[in-house]
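**Student:** Dropping a structure here in structure tokens format, bear with me for questions.
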Amino acid sequence: MTAALRNYHQRMQRVLDYIDQHLDDDLDLDVLSSVAAFSKFHFHRQFTATFGLSVHRYIRLARMKRASYRLAYRDEERVTDIAMDAGYDAPDAFARAFRQRFGQSPSSFRKSPDWEPWLAAFGPLDNARSKLMQKIFTTDDVKIRNVPTTPVAIMKHRGDPATLGATIQRFIAWRKAAGLHPRTSPTFNVWRSERRPQSPADYSVDLCVGTDQAIEANGEEIKAGEIPGGRCAVLRVVGNTDNLEPAALYLYGDWLPASGEEVRDFPIYCQRLSFFPEVAEHEAVAELFLPLK
């Protein structure tokens, strides 16, 4: 990549970061073009050429994604407040736009989200973000750390990854009822299959929360377990933590063969340190742990 192209991409990345941080603000062309230091007369076409969708559509999708997360995972928040924060003057207008995009009303989505049309609706947004957000990892990014054994409560997800959102929703509800808030009780995902197995039914991941208290299932399929301690190669990922596969493939394909290390008999896992929508999407942080002998 030439220095000029790298600079151009950095200016565009500043715009995406600014949008993430100011979704509640008036994001007009004057503001965004000045963030990138481009002419407002050309910026809208430059944005579309770079990301494959207009800046207006990008902002609308970003606001709707945040709103849908809050509906599904933040049941204490009022639909009216979520609608206003998404840029709609009235809940009815928000409901019409939401139903048109996802085929469900906001209240129906909150009770029982249909995740397949949700995933399809945000495909253009995810594609746009991935154009500049591919992190290039180096060996300096990987740290070998001795981690302690962590007792956890586990909710298993087995089956189509398209239905993972429903399991996450149940997991969040259970940990809220158990008083295990993410600020005080660490959150882990343990992957027991490929991200995209040949058969979706073979997808397998454990949703875990660190706790040494007695587990009360409260009608959910929760069990006690542990993440074993030992040496791990740790790789921190900032932004786009929905898809940690590129980071995992770097560990397996580049770092591990060159390191001389051997993997231990426990799956790769991550700890999620900050979450969207509590933080802007590009500020979400996760650490990947590759267990070593």
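**Student:** Ignoring ligands, DNA and RNA, how do 184, 2 rank by accessible area with a 1.4 Å probe, largest first?
**Tutor:** 184, 2
**Student:** Still on this structure, I have one more. Which value, in Å² rounded to 10, gives the accessible area of residue 160 with a 1.4 Å probe and all protein chains present?
**Tutor:** 60 Å²
**Student:** With viscosity set to 1.306 mPa s and temperature to 10 °C, compute the Stokes-Einstein D of the stretch 80-138, Rh being the Kirkwood radius across alpha carbon pairs; µm²/s, no decimals.
**Tutor:** Working: Rh = 13.2 Å.
Diffusion coefficient, whole number: 120 µm²/s.
**Student:** Give me the one-decimal Kirkwood hydrodynamic radius in Å for the stretch 224-288, with the sum taken over alpha-carbon pairs.
**Tutor:** With all distinct Cα pairs of the stretch 224-288 included, I get 13.1 Å.
**Student:** Then there is this: Taking only DSSP H segments of four or more residues, each worth -39500 (n - 2.57), what value at 222 nm results for the chain once the sum is divided by all its residues, to the nearest 500 deg cm²/dmol?
**Tutor:** Result for the chain: -12500 deg cm²/dmol, rounded to the nearest 500.
**Student:** Here's something else I'd like to know. Over the stretch 169-293, what is the mean sequence separation of C-alpha contacts under 8 Å (at least six apart), divided by residue count, expressed as relative contact order in percent?
**Tutor:** Computed value for the stretch 169-293: 29 percent relative contact order.
**Student:** For residue 284, list long-range residues whose amide hydrogen, built 1.01 Å from N in the peptide plane, is under 5 Å from its own amide hydrogen.
**Tutor:** Under 5 Å from the amide H of residue 284 lie the amide H atoms of 239, 240, each far enough along the sequence or on another chain.
**Student:** Can you figure out the FRET efficiency of residue 31 with residue 145, using R₀ = 35 Å and their beta-carbon distance, to the nearest 0.05? Please report the intermediate quantities before stating the final value.
**Tutor:** On the way: r = 42 Å, r/R0 = 1.19.
The formula returns an efficiency of 0.25 here.
**Student:** Once ligands and nucleic acids are excluded and a 1.4 Å probe is used, how much of residue 40 is accessible, expressed in Å² to the nearest 10?
**Tutor:** Counting only protein heavy atoms, residue 40 exposes about 90 Å² to solvent.
**Student:** Give me the 1.4 Å probe accessible area per residue for the chain, excluding ligands and nucleic acids, in Å².
**Tutor:** Result: 52 Å² of accessible area for each residue.
**Student:** Under the definition of Cα pairs under 8 Å and six or more residues apart, what whole-number percent is the relative contact order of the chain?
**Tutor:** Details: 416 pairs, mean separation 48.0, N = 293.
Computed value for the chain: 16 percent relative contact order.
**Student:** Contour minus end-to-end for residue 119 and residue 78, with contour as 0.36 nm per residue of separation and end-to-end as the Cα-Cα distance?
**Tutor:** Taking residue 119 through residue 78 to full extension adds about 12.4 nm, to one decimal.
**Student:** With Kirkwood's inverse mean 1/r over C-alpha pairs for Rh, give me the Rg to Rh ratio of the stretch 93-188, two decimals please.
**Tutor:** Rounded to two decimals, Rg over Rh is 1.06.
**Student:** If one puts a single equal scatterer on every Cα of the stretch 1-49 and applies the Debye formula without solvent, what log₁₀ I(q)/I(0) results at q = 0.14, 0.21, 0.24 Å⁻¹?
**Tutor:** The Cα Debye sum returns log10 ratios of -0.33, -0.71, -0.89.
**Student:** Under 15 Å from the 7 Å Cα→Cβ point of residue 216, by amide nitrogen: which residues of the stretch 164-208?
**Tutor:** Inside the label zone: 174-181.
**Student:** Keeping all protein chains in the complex and leaving out DNA, RNA and ligands, what accessible area do you get for residue 255 with a 1.4 Å probe, in Å² to the nearest 10?
**Tutor:** 20 Å²
**Student:** Continuing with this model, one more query. Give the relative contact order (percent, whole number) for the stretch 1-88; include only Cα pairs under 8 Å separated by 6+ residues.
**Tutor:** Relative contact order of the stretch 1-88: 25 percent.
**Student:** Suppose each label sits 7 Å from its Cα in the direction of the beta carbon; what would the residue 105-residue 41 distance come out to in nanometres?
**Tutor:** The modelled label-to-label distance comes out at 4.9 nm.
**Student:** Could you sort 282, 157, 56 by their accessible area in this structure, using a 1.4 Å probe and putting the largest first?
**Tutor:** 56, 282, 157
**Student:** What ranking of 167, 150 comes out by heavy-atom accessible area, probe 1.4 Å, highest first?
**Tutor:** Working: 167 10, 150 30 Å².
I get 150, 167, largest accessible area first.
**Student:** Per the Kirkwood formula on distinct C-alpha pairs, the Rh of the chain is how many angstrom?
**Tutor:** This gives a value of 20.9 Å.
The values are calculated or read from the model by the stated rules, or taken from the named source; none is laboratory data. Treat the numbers as computed from the prediction; the structure is a model and nothing was measured. FYI the Cβ positions are ideal-geometry reconstructions off the backbone, even for glycines, and counts take in every protein chain you see. Just the protein is used for accessible areas: all its heavy atoms, side chains included, with ligands, DNA and RNA removed. Shrake-Rupley method; radii C 1.70, N 1.55, O 1.52, S 1.80 Å.
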